[in-house]
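Beneath this line is the structure, given in structure tokens, with notes to follow.
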2 protein chains.
Amino acid sequence: MLIDELFNCVEKNGHVCVGLDTCAEYVPVLERQKAGNDADAVLAFNKALIDATYDVCACYKLQIAYYEEMGLSGLHAYSDTLKYIRTKNCLAIADIKRGDIADTAVRYAKGHFSGDFEADFVTLSPYMGMDSVEPWLNEAHASGKGAFVLMRTSNRGMRDFQYLNVNDCSKKVYNMVGDNMAYLAAQNCGKSGYGMFGVVVGCTERDEAAEIRKNYPNLFFLIPGYGAQGGGAHDAVLLLRNGNGGVVNASRSIITAWRNADGAKEADLNFASTEARRAVIKMRDEIKEVL
Amino acid sequence: MLIDELFNCVEKNGHVCVGLDTCAEYVPVLERQKAGNDADAVLAFNKALIDATYDVCACYKLQIAYYEEMGLSGLHAYSDTLKYIRTKNCLAIADIKRGDIADTAVRYAKGHFSGDFEADFVTLSPYMGMDSVEPWLNEAHASGKGAFVLMRTSNRGMRDFQYLNVNDCSKKVYNMVGDNMAYLAAQNCGKSGYGMFGVVVGCTERDEAAEIRKNYPNLFFLIPGYGAQGGGAHDAVLLLRNGNGGVVNASRSIITAWRNADGAKEADLNFASTEARRAVIKMRDEIKEVL
């Protein structure tokens, strides 16, 4: 089961999930001019970032919005980035937050578990209900893939719907998502003890982190909210279990780290990706130290 | 405001939203062979369908999953279909159900309100909260576009989360989405009396339809669930207001109508699109009769 592979990657390389939420503005100016167009600049930068970090991170996550913004050429870069990650034998999470039902869900799954947009894991949004998640499970079984379902995110607006009290106030909406996912996980469990499908849990709400981890021991967490959104190593580790059970995503703090380095004005891909590697190692070690 | 244009399209052409959820299997065999590849077959079929229906429907809706399944070539067909709809001066809803926050939402909006994937309206999923909807509002103001946010869908699994009782059981999760959207609509209201952003409300739950329409008078509804999912004209009209205020989507019953016609085995694009036109007119008239 693929979740076991991700578990092993964490054991080997630490918890950092490198977010390739890459747009042309994040690419050093000189390299951007050299590339000619935005999509090529992004692809070249992604390849350099992957070369520089693949042995110090658990996996990669691509936020597809950054590529859809560029239109067809952006999706070519998205596709080629995923292919490049596979050549390094690394795992890629497609952060697509899709959520649809029945035949539509199957088509999405075929589109993102195989072909041009093949990724290892996808992210899913549960608003439509569990029949928007279950079709992905069948497809994941067939193709050896996985998914993370949004449970409790890390943004301000999460309180609008995820935090609504339900069932006479004993639970919140996000608990209902978690309960359903824990049930699925129990039926589809890997050797590492984690369910085939995990959930997204942000590390911004320190107070609830330990309780969430305790309530959902068999769910592997994809953890956003580190860095810019206010979460730190001390918050993230509360969502781990025996030093594993989660990957912590960071994007801008890694891929634009070069901007804050001496010599940024003359930065090339080598310079920028070396700074990215430094940022990944720093984050990896911060988390390990607190564990 | 674009919602007023959609309102006018309903006045002029009726309530049918033609769902171009097109895959190669829905294209007549002879035409599929002629096209050479799936994406070209889908594009040719879409163009024929648009030619045959643009004067008898309110708008089109493209379920992007059907195109993402085919990879890059599928998204070329998606892009070309949207362009073709614009040449007919018709409105297109991109059924993408995206839902993400902040900068990511802005990038999605730029990607789907302009460039290769430019559509008139998009569908959005609200699970992450209102800060996953608001960035689209700014972009929609800038580009003259619109959106429909999932409120109460038409699938079995909608009961998993949308129907959870909140606030001491006086409301459901979907009401909270509706209340937030009604508030947005009051601040961004078109001449037709409807908010710039509407909501998705399925026509499968007859008992609640009248109440939902009464509670949200300023929200324009995108209505799925007609036909295959069990909703009929009598159900759909309960979600309308003064004969307008909603478009009713149907896809398979229109675009595969040719399969049930005499002579289906030798069907070509002309045959198939003529049957689609017949199906649209039938559905349009069924709704008008009940009004």
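Among the residues making up the range A:131-154, those that are open to solvent by 10 Å² or more (accessible area, probe 1.4 Å) and touching a helix residue (DSSP H, G or I) at 6+ places or on another chain (Cβ under 9 Å) are A:131, A:134, A:135, A:137, A:138, A:139, A:142, A:143, A:144, A:145. With respect to being open to solvent by 40 Å² or more (accessible area, probe 1.4 Å) and more than 10 Å from every other protein chain (Cβ to nearest Cβ), residue B:114 falls outside the description. Tell me the residue from A:212, A:223 that is within 18 Å of the chain's Cα centre (by Cα) and modelled with pLDDT of 95 or more, please. Answer to the check: A:223.
Within the range A:233-245, take every residue that is more than 10 Å from residue A:287 (Cβ to Cβ) and not basic (Lys, Arg) and give me the one that is farthest from the chain's Cα centre (by Cα). The qualifying residue farthest from the chain's Cα centre (by Cα) is A:242. Within the range B:58-73, the residues that satisfy the criterion of being small (Gly, Ala, Ser) and either within 7 Å of another protein chain (Cβ to nearest Cβ) or assigned to a helix (DSSP H, G or I) (or both) are B:65, B:71, B:73. The residues of the range A:74-92 that are farther than 14 Å from residue A:111 by Cα and of a type in the set (A, V, I, L, M, F, W, C), listed by number, are A:77, A:85, A:90, A:91, A:92. Output yes when any residue across the range B:259-270 is surrounded by 18 or more Cβ atoms within 10 Å (Cβ to Cβ) and not in a helix (DSSP H, G or I), and no when none is. Scanning the range B:259-270 turns up at least one residue that is surrounded by 18 or more Cβ atoms within 10 Å (Cβ to Cβ) and not in a helix (DSSP H, G or I). When restricted to residues that are among the β-branched types (Val, Ile, Thr), closer than 17 Å to residue B:266 by Cβ, open to solvent by less than 20 Å² (accessible area, probe 1.4 Å) and not in a loop (DSSP other than H, G, I, E, B), the range B:13-53 contains 0. Pairing each residue of the range B:127-143 that is more than 8 Å from chain A (Cβ to nearest Cβ) with any residue that is β-branched (Val, Ile, Thr), provided the two are 6+ apart or on different chains, yields C-beta distances under 8 Å for B:133/B:149; B:135/B:101; B:135/B:106; B:136/B:122; B:138/B:106; B:139/B:106.
Among the conditions (1) surrounded by 19 or more Cβ atoms within 10 Å (Cβ to Cβ); (2) within 9 Å of chain B (Cβ to nearest Cβ); (3) over 21 Å from the mean Cα position of the chain (by Cα), the only one that residue A:159 does not satisfy is (1). Residues that are crowded, with 17+ Cβ neighbours inside 10 Å, under 17 Å from the mean Cα position of the chain (by Cα) and assigned to a helix (DSSP H, G or I) within the range B:246-258 comprise B:253, B:254, B:255, listed in sequence order. Against the list (1) farther than 19 Å from residue A:26 by Cα; (2) buried (at least 24 other Cβ atoms within 10 Å of the Cβ); (3) not hydroxyl-bearing (Ser, Thr, Tyr), the condition residue A:211 fails is (2).
Checked against the criterion of being of a type in the set (Ser, Thr, Tyr) and either at pLDDT 95 or above or crowded, with 19+ Cβ neighbours inside 10 Å (or both), the candidates B:170, B:125 yield just one match: B:125.
Residue by residue, here is whether (1) at the interface with another protein chain (Cβ under 9 Å from one of its Cβ atoms); (2) among the β-branched types (Val, Ile, Thr) holds:
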site	(1), (2)
A:90	no, no
A:99	yes, no
A:103	yes, no
A:106	yes, yes
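Taking the numbered list (1) within 15 Å of residue B:149 (Cβ to Cβ); (2) open to solvent by 10 Å² or more (accessible area, probe 1.4 Å) in turn, residue B:178 passes all entries but (2). Quick check: anything in the range A:237-249 within 18 Å of residue A:158 (Cβ to Cβ), touching a helix residue (DSSP H, G or I) at 6+ places or on another chain (Cβ under 7 Å) and without any contact (Cβ under 8 Å) to a residue 40 or more places away in the chain? Yes. Within the range A:1-54, the set of residues being among the hydroxyl-bearing types (Ser, Thr, Tyr) and over 18 Å from the mean Cα position of the chain (by Cα) comprises just one member, A:26. With respect to residue B:101, determine if the residue is within 30 Å of residue A:157 (Cβ to Cβ), open to solvent by 20 Å² or more (accessible area, probe 1.4 Å) and β-branched (Val, Ile, Thr). Yes. Sub-9 Å Cβ pairs linking a first residue in the range B:164-193 that is on the phi < 0 side of the Ramachandran plot and at the interface with chain A (Cβ under 9 Å from one of its Cβ atoms) to a second residue that is basic (Lys, Arg) and not in a helix (DSSP H, G or I), at least 6 apart or interchain, are B:164/A:171; B:164/B:172; B:165/B:171; B:165/B:172; B:166/B:172; B:177/B:152, ordered by first then second residue.
Residue A:218 meets all of the listed conditions (1) in a helix (DSSP H, G or I); (2) away from chain B (no Cβ under 14 Å); (3) touching a helix residue (DSSP H, G or I) at 6+ places or on another chain (Cβ under 6 Å) but one, namely (1).
Across the range A:183-207, the qualifying residues are those that are among the hydroxyl-bearing types (Ser, Thr, Tyr) and closer than 26 Å to residue A:159 by Cβ, and the one among them that is surrounded by the most Cβ atoms within 10 Å (Cβ to Cβ) is A:204. Against the criterion of being in a helix (DSSP H, G or I), within 14 Å of chain A (Cβ to nearest Cβ), open to solvent by 60 Å² or more (accessible area, probe 1.4 Å) and under 16 Å from residue A:68 (Cβ atoms), residue B:76 qualifies.
The values are calculated or read from the model by the stated rules, or taken from the named source; none is laboratory data. It should be emphasised that the depicted structure is a prediction, and the values quoted were computed from it without experimental measurement. For neighbour counting, all protein chains shown are included, and Cβ atoms are generated from backbone atoms with ideal geometry for every residue, glycine included. Quick note on the areas: whole protein, heavy atoms, side chains included, nothing else; ligands and nucleic acids left out. Shrake-Rupley method; radii C 1.70, N 1.55, O 1.52, S 1.80 Å.
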